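Bear in mind these aren't lab numbers, they're just calculated from the coordinates by the rules spelled out. Computed from a prediction, not measured in an experiment: that's the story for all the values here. As a convention, Cβ positions derive from the backbone with ideal geometry for all residues, glycine included, and neighbour counts pool all protein chains shown.
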């Protein structure tokens, strides 16, 4: 099996995933997964596609991720891994799709408008 390259995005985070057969090592920005994503919740989010498809320890993963915050980055990695697992085996799609792991979350930060304090908040209105 050759190396499979997929991209995942969430908010402003962009994750490039390179997946190949191996022992289950996950490297994020040349650091170990547990070092880069310290909390158990974020580690669970990254490993979720493997646990659902029961392929833990079958693939080595190299991830380059930048932009956004740590949660957005973890969810971007999750989307990229899900897409890669679907390319490896089309059967995985039936498991991952109902869980919503193949859906790109479109929610972004709304831009600030001129003449307003923030995106929706207005300056205080004075009648007199």
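Every residue in region 91-128 that is part of a loop (DSSP other than H, G, I, E, B) and under 17 Å from residue 50 (Cβ atoms), please. 91, 97, 98, 99, 100, 101, 102, listed by residue number. Give me the pairs, please: first residue somewhere in region 13-31 and on the phi < 0 side of the Ramachandran plot and touching a residue at least 60 places away in the same chain (Cβ under 8 Å), second residue anywhere and loosely packed, with under 13 Cβ neighbours inside 10 Å and in a loop (DSSP other than H, G, I, E, B), beta-carbon distance under 8 Å, and either six or more positions apart or on two chains. So the pair list comes out as 13/69; 19/3.
Kindly indicate whether any position in region 39-54 is surrounded by fewer than 16 Cβ atoms within 10 Å (Cβ to Cβ) and touching a helix residue (DSSP H, G or I) at 6+ places or on another chain (Cβ under 6 Å). Scanning region 39-54 turns up no residue that is surrounded by fewer than 16 Cβ atoms within 10 Å (Cβ to Cβ) and touching a helix residue (DSSP H, G or I) at 6+ places or on another chain (Cβ under 6 Å). Checking each residue in region 3-38 for being touching a strand residue (DSSP E or B) at 6+ places or on another chain (Cβ under 6 Å) and buried (at least 20 other Cβ atoms within 10 Å of the Cβ) picks out 8, 15, 17, 19, 26, 28, 36.
Can you pull out the residues in region 105-128 that are closer than 30 Å to residue 63 by Cβ and surrounded by 11 or more Cβ atoms within 10 Å (Cβ to Cβ)?
Scanning region 105-128 gives a single hit, 105.
Tell me, please, whether a residue that is more than 19 Å from residue 24 (Cβ to Cβ) and in contact with a helix residue (DSSP H, G or I) (Cβ under 6 Å, 6 or more places away or on another chain) can be found in region 115-124.
no
Considering region 55-69, the residues that are farther than 19 Å from residue 105 by Cα and touching a residue at least 40 places away in the same chain (Cβ under 8 Å) include one that is surrounded by the most Cβ atoms within 10 Å (Cβ to Cβ), namely 63. Taken over region 32-69, the criterion of being more than 14 Å from residue 15 (Cβ to Cβ) and in a strand (DSSP E or B) is satisfied by 32, 59, 60.
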